[in-house]
1. Can you give me the Cα centroid spacing of region 113-168 and region 208-224 in angstrom?
2. Considering only Cα-Cα distances, which of the following residue pairs are longer than 32 Å: LYS159/LYS211; LYS107/LYS226; LYS107/LYS211; LYS187/LYS296; LYS268/LYS296?
3. Place +1 on the Cβ of every Lys and Arg and -1 on the Cβ of every Asp and Glu in the chain, take the dipole about the Cα centre, and give the residue among TYR29, GLY140, ASN311 whose Cα lies farthest towards its positive end.
4. Testing the spin-label approximation: label points 7 Å from Cα along Cα→Cβ at GLN63 and ALA297. State their distance in nm.
5. Loop by DSSP (not H, G, I, E, B), at most 11 other beta-carbon atoms within 10 Å: where is the longest site-free stretch of the chain for chymotrypsin sites (Phe, Trp or Tyr not before Pro)?
6. Under the rule of at least 5 residues apart or a separate chain, name every residue whose amide H is placed under 5 Å from the amide H of THR257.
7. How about region 146-198: which GluC sites (Glu not before Pro) there lie in a loop by DSSP and see at most 15 other Cβ atoms within 10 Å?
8. Give, as ranges by residue number, the residues of region 317-336 whose backbone N falls under 19 Å from the point 7 Å along Cα→Cβ of HIS239.
Amino acid sequence: MFSATRHRIAALALGVCFILPAQAKNQPYGEIATMQARHIATVFPGRMTGSPAEMLSADYIRQQFAQMGYQSDIRSFHSRYIYTSRNKTQNWHNVTGSTVIAAHEGKAAEQIIIMAHLDTYAPMSDADIDNNLGGLTLQGMDDNAAGLGVMLELAERLKNIPTKYGIRFVATSGEEEGKLGAENLLKRMSAEEKKNTLLVINLDNLIVGDKLYFNSGQSTPSSVRKLTRDRALALARTHGVYAATNPGGNPDYPKGTGCCNDGEVFDKAGIPVLYVEATNWALGKKDGYQQRAKSKAFPDGTSWHDVRLDNQQHIDSALPQRIEHRSRDVVKVMLPLVKELAKAGKA
């Protein structure tokens, strides 16, 4: 394990010395991400794992990668989760999920994974249905069409830029039922591929939260945290983007670390992780769950899984231009960071 960690630190460090000029693009930062997020949220609502909407959205994302010139495919996986009925009876619910993978090949064997989940919340109990949580009409703009939009914009802007290290763009499914797609992805990776994975960047819940956060995995070495999380925060300051890191108010979630989404699967496997999310780690139980102060628009301070709240109409009304502004801010930070870490050259 120490050998693999030292290998990752050395590889990433070599890339941070070079800050390359951004390629001129016709569209402003965040415009592609916003367009894709709005399209995915409204055309494919109810992207529950194994549902027709989930399969159609996976195929749409694959087609987007293919149009950019990437080699991409869809990997199916079989899993299950427990559903609890009103009388407390529990039954297994079998699902077949779809994970989309696109490859930006590098000159070396090492790789960086950029990941966002495509599925929306599936009700896991009759109580969930009663509370408007999940289901066929949930758009999932915040959770997680916006993450997919940012990933697709990064792919578009990086497509013609050669890099030393490979980049894998991954749209997972089954995140809402317990990180099922991420678990399957890790299971399929060889020992060599795991060793050569320098970093996993997880994009999730980027819009509704008060603040943009960059956090590291709990097992991510301090040297890698400096090259990834701390560098992201420095880039944010340079570009006038307000960003923070978990202040560590809850002992279960130490300062500067994140958790509780697909990235956690890789963190537990000892692979470095950078969590990119918007929430408010100073509120509630200080565990990152409460996204913002409670208000009429967001009574519990969250939009998680709620059909009435996590949709573009409500977010546009409650938080005007937030989707555009947050998408822009994330791309402005993540694009130069990925270029540095992957050791990008000129197209």
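1. 18 Å
2. Values: LYS159/LYS211 29 Å; LYS107/LYS226 25 Å; LYS107/LYS211 36 Å; LYS187/LYS296 43 Å; LYS268/LYS296 38 Å.
Too far apart for the 32 Å limit: LYS107/LYS211; LYS187/LYS296; LYS268/LYS296.
3. TYR29
4. Those two pseudo-labels are separated by 3.3 nm.
5. Numbers: sites that count: PHE18, TYR242.
Segment 19-241 is the longest.
6. For THR257, whose amide H was placed from the backbone, the distant partners under 5 Å are SER216, ASN246.
7. Numbers: sites: GLU153, GLU156, GLU175, GLU176, GLU177, GLU183, GLU192, GLU193; in loops: GLU175, GLU176, GLU177.
When the GluC sites (Glu not before Pro) of region 146-198 are filtered for loop state and at most 15 Cβ neighbours within 10 Å, nothing remains.
8. In region 317-336, the label zone of HIS239 (backbone N under 19 Å from the point 7 Å along Cα→Cβ) covers 321-336.
The values are calculated or read from the model by the stated rules, or taken from the named source; none is laboratory data. Predicted model, so just to flag it, every value in this text is computed and none were measured. Cβ coordinates were reconstructed from backbone atoms using ideal geometry, including for glycine residues, and neighbour counts include every protein chain displayed. Side chains included, ligands, DNA and RNA excluded: accessible areas come from the protein's heavy atoms. Shrake-Rupley method; radii C 1.70, N 1.55, O 1.52, S 1.80 Å.
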